[in-house]
Amino acid sequence: MTEEHPATMGQQFGRRSWAEPWKIKMVEPLNVIDRPARQKALQDAGYNTFLLRSEDVYIDLLTDSGTGAMSDRQWAGMMLGDEAYAGSRNFYHLEETVQSTYGYKYIVPTHQGRGAEHLLSQTTIQPGQYVAGNMYFTTTRLHQELAGGIFVDVIIDAAHDPQDPHPFKGNVDLDKLQALIDQVGAGQIAYISLAGTVNMAGGQPVSMANLRLLRQLCDRHGIRIYLDATRMVENAFFIQEREDGFAAKSIAQILKEFCAYTDGAWMSAKKDNLVNIGGWLAVNDKELFDELRNRVIIYEGLHTYGGLAGRDMEAMAIGIVESVQDEHVRTRIGQVRYLGTLLTNWGVPIVQPVGGHAIFLDAKRFYPHLAQDLFPAQTLAAELYLDAGIRSMERGIVSAGRDPKTGDHRYPALELTRLTIPRRVYTQAHMDVVAESVKAVHDARMHTRGLKMVYEPKYLRFFQARFEPLG
Ligand SMILES: Cc1ncc(COP(=O)(O)O)c(C=O)c1O
């Protein structure tokens, strides 16, 4: 294994190589535009990667949401779409699959995750009530606030420290939750908003042990737990790998056991469930279900399609079964880790441990000379695009938005740029190109100035805000 005879990747990392449990049947050509064209595209996009045209992007790591590749089975399922307005057979297939995979009793389909968040928030939160959660998610918290809720973060402190190696940084701090209960009274807490894994913390998991204790605490006080199951399959992988007593259990078994401790879940099926569009809401309480099923008609569509075509529900049902296969999850997270290991070895600051769906670059340590209100993570996303046409996303001060009471920026402890890996889309060679680009941007970091925001929309500003470079 000399320089003339480079080792395989597996050998370089001291292990046998693994490969994805699929082969490629159809390809989508990529466009590579040169640096002056990228400079122009970035300017036109107001230095916001959400506003770039995808045809100007080479490797698109904006999000893992709806960007995965469907299998031949899923595409075949699309041809079995029953597009009846009511009672589509694909709905019943989806319903049975969610019931048998996640274990919940009643299912409402929605067009995507935020449709489910909207329904759940409007139905279960009384104005002035609190919602306690293991870190916020942008759309989730906004729906909770629009329903009159007050979000309180009860995640463990380690989650706010990008270098803390805690294996379950998504855990709920039960003392923080108990303090909230003591302060406002259990009756004033609408529900616990539990995400597995926690996107904004870097894709960090919740342990089964933590959830069991949370369940006991909530049972003592009559508080419900609703799960953001968007990346719960990935959470189950970390439990299998890291938590005592789970190594011999399958991801499917762990997933079901985890969900059994919760009262219901909402899902952005565009992630774990391997579809380009879709979502669902599932609960065990019949009365709540009746209310949700009634309301879904107002906002999404009839309760047997919820804003989706029959073919979308069929693809989702098949995707759910594929999503819980151990080998699929292992190679999916393995690819994320591969990129993370390269960057860690090269001294690039990233959130540790590497989570399930993305590498989160720690922009505060990447650009120590940039104050947070110069938008370091947004700046880093712009620089990566400029360097090699790689699209990433800001997860820092811009995403955190403004405090509804004071109107000031929220200053989150984590100022991150997310390189999100779509499922079953890119190869190891793409990861190498990304790693080398991040390194080049890191090497040139001290020449980078920040950005100023020149247009700020009222809601979820990170999607459409515009910036100009400083200096
Ligand atoms: C953790 C989490 N929850 C909820 C959502 C919202 O889902 P959707 O984008 O399908 O509306 C997302 C999507 O980005 C997410 O990552």
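Some notes on this structure:
- The largest-to-smallest principal axis extents of the Cα set in the stretch 228-267 are 27, 16, 13 Å.
- Excluding ligands, DNA and RNA, the accessible surface per residue across the chain is 41 Å² with a 1.4 Å probe.
- Note on the chain: semi-axes of the ellipsoid equivalent to its C-alpha gyration tensor, largest first and rounded to whole Å, are 33, 27, 23.
- Share of carbon and sulfur in the accessible heavy-atom surface of the stretch 384-455 [1.4 Å probe, %]: 50
- Around residue 417: net Lys/Arg minus Asp/Glu count, Cβ-Cβ under 13 Å: +1
- Our estimate of slack between residue 449 and residue 163, defined as 0.36 nm per intervening residue step minus the Cα-Cα distance, is 100.5 nm.
- Taken about its Cα centre, the stretch 325-471 carries a charge dipole of roughly 360 debye when the Cβ of each Lys and Arg holds +1 and the Cβ of each Asp and Glu holds -1.
- Amide H contacts of residue 155 (H built 1.01 Å from N, under 5 Å, at least 5 apart or other chain): 135, 173
- Alpha-carbon centroids, the stretch 7-66 and the stretch 378-451: separation in whole Å: 14
- Where N is the number of residues in the stretch 314-471, Cα Rg divided by 2.2 N^0.38 Å: 1.13
- The slack in the chain from residue 216 to residue 43, taken as 0.36 nm per residue of separation less the alpha-carbon distance, amounts to 57.0 nm.
- Counting only DSSP beta bridges with both residues in the stretch 70-220, the antiparallel share comes to about 20 percent.
- Taking label positions 7 Å along the Cα-Cβ direction at both residue 76 and residue 439, the computed distance is 4.3 nm, reported to one decimal.
- For the pair residue 182 and residue 460 in one chain, pulling the backbone fully straight at 0.36 nm per residue adds 96.9 nm over the alpha carbon distance.
- When each of the peptides 133-139, 408-414, 28-34 is scored by how many other beta carbons lie within 10 Å of its residues on average, the order from highest to lowest is 133-139, 408-414, 28-34.
- Applying the Karplus relation 6.51 cos²θ - 1.76 cosθ + 1.60 with θ = phi - 60° to the stretch 389-406 yields 3J(HN,Hα) values of x, 8, 9, 10, 9, 6, 9, x, 5, 5, 4, 5, x, 10, 5, x, 7, 8 Hz, where x marks Gly and Pro.
- Label-point separation, residue 344 to residue 253 (7 Å along Cα→Cβ), nm: 2.8
- Directionally averaged shadow of the stretch 1-61, computed from the convex hull of its alpha-carbon atoms, nm²: 7.5
- In the stretch 54-98, chymotrypsin sites (Phe, Trp or Tyr not before Pro) in a DSSP loop with at most 16 other beta-carbon atoms within 10 Å: 85
- Every pair of different Cα atoms in the stretch 51-103 enters the Kirkwood calculation, which places the hydrodynamic radius at 14.2 Å.
- Accessible surface of the stretch 245-373 [probe 1.4 Å, protein heavy atoms]: carbon and sulfur percent: 51
- Within the accessible surface of the stretch 64-147, defined with a 1.4 Å probe on protein heavy atoms only, the carbon and sulfur portion equals 54 percent.
The values are calculated or read from the model by the stated rules, or taken from the named source; none is laboratory data. Just so we're clear, the structure is a prediction, and the values are computed from it rather than from any experiment. In this analysis, Cβ positions are derived from the backbone assuming ideal geometry, glycine residues included, and neighbour counts consider all displayed protein chains. Note: accessible area is taken over every heavy atom of the protein model, side chains too, but ligands, DNA and RNA are not part of it. Shrake-Rupley method; radii C 1.70, N 1.55, O 1.52, S 1.80 Å.
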